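Notes follow once the structure below has been shown.
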Amino acid sequence: MIKKPRNLLWIVPLLLFVTSPLWQPPVTTFLAPRGGYNPKLAQPGEESPIQNFIMDSVAITLTSNGKEEWQIDAERAFTGVNDHEIEMVGVSAIYIGTEKEPINISSRKGKYNINERHLILTDHAVVTKPTKDQQLISDRLDYYDATKMVVSPGEVELRAPGLKLIGGRMDYDLSTNGYEFSNRVKVNL
């Protein structure tokens with residue numbers, strides 16, 4: 001009789017090794033992938049480069065004809081619906097060109113379409129002209145860089161010393177400094 005049966009434990013791996021020609025083919029067949037093996041599926045496919053991003057503290061400079069005109073800062077920026085849109089949170093824009101008076105714009109949210117050079121500021125957009133002490137408030141502002149137009153499709157409020165104007169849609173031409181309001185306009189002097 002065996003005095004210490006646990007010392008015979010080494011026999012189990014030896015038996016598995018010796019009997020492997022008997023049990024290995026059925027186990028290999030059982031573990032083989034069903035439906036065949038396509039080596040092309042195992043290789044990573046060629047994909048277009050991923051351009052999604054999320055960044056904190058972003059600065060974007062808009063130039064026209066080689067001259068810097070706008071500096072747009074955002075607390076956070078990320079890829080929009082497509083690769084040509086940049087969504088922003090906590091937007092602050094400053095006119096840095098030398099041809100016109102300084103203009104500051106701020107809003108809680110924004111979007112910039114790179115192809116169309118179209119900046120959309122939403123959620124309490126405020127335009128400030130510090131030299132004239134003017135302030136324009138709207139829920140949405142669209143800036144078209146190609147035509148130098150600022151459009152507010154909704155209601156706007158313009159404040160200046162001794163003036164409060166409330167109107168509907170507003171078009172502002174940066175090249176001529178001309179305002180155009182539609183719908184009813186209320187002016188308090």
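Bear in mind these aren't lab numbers, they're just calculated from the coordinates by the rules spelled out. Here the structure is a predicted model, which means the values were calculated and not measured. When we count neighbours, we look across all protein chains shown, and the Cβ atoms used for this are built from the backbone with ideal geometry, even at glycine.
Using alpha carbons only, the radius of gyration of the chain set against its Kirkwood radius gives Rg/Rh = 1.54.
Remark: segment 54-153 carries a charge dipole of roughly 220 debye about the Cα centre, counting +1 on each Lys and Arg Cβ and -1 on each Asp and Glu Cβ.
Candidate cross-link partners of LYS100 among the aspartates and glutamates, defined by an alpha-carbon separation under 16 Å and a same-chain spacing of 8 or more, comprise GLU68, GLU69, ASP133, ASP145, ASP173.
Entry note, the chain: relative contact order of 9 percent, from Cα contacts under 8 Å with a spacing of 6+ residues.
Please compute the Kirkwood hydrodynamic radius of segment 54-153 from all pairs of different C-alpha atoms, in Å with one decimal.
13.6
With a simple spin-label model that places each label point 7 Å from the Cα along the Cα-to-Cβ direction, the separation between ILE94 and VAL27 comes to 7.2 nm. Using a Gaussian network model of the chain with C-alpha springs under 10 Å, which one of VAL127, VAL156, VAL18 is most mobile by mean-square fluctuation? With Cα springs under 10 Å in the chain, the top fluctuation among VAL127, VAL156, VAL18 is at VAL18. In plain terms, the residue of ILE72, ILE137 with the fewest other Cβ atoms within 10 Å comes first and the most crowded comes last, giving ILE137, ILE72. Take each peptide in 88-97, 157-166, 142-151, count the other Cβ atoms within 10 Å of every residue, and average; sorted highest first, the result is 88-97, 142-151, 157-166.
Based solely on its DSSP helices, what 222 nm [θ] is calculated for the chain when runs of n ≥ 4 H residues each add -39,500 (n - 2.57) and the sum is averaged over all residues, nearest 500 deg cm²/dmol? Computed ellipticity for the chain at 222 nm equals -3500 deg cm²/dmol. Fully extending the segment from ARG34 to THR63, taken as 0.36 nm per residue of separation minus the present Cα-Cα distance, adds 4.5 nm.
Set the Förster radius R0 to 25 Å, insert the Cβ-Cβ distance between GLN135 and LYS186 as r into 1/(1 + (r/R0)^6), and round the FRET efficiency to 0.05.
On the way: r = 17 Å, r/R0 = 0.66.
Computed FRET efficiency for GLN135 and LYS186: 0.90.
Contact order for segment 54-153, expressed relative to its length and based on alpha carbon pairs under 8 Å spaced 6+ residues apart, stands at 17 percent.
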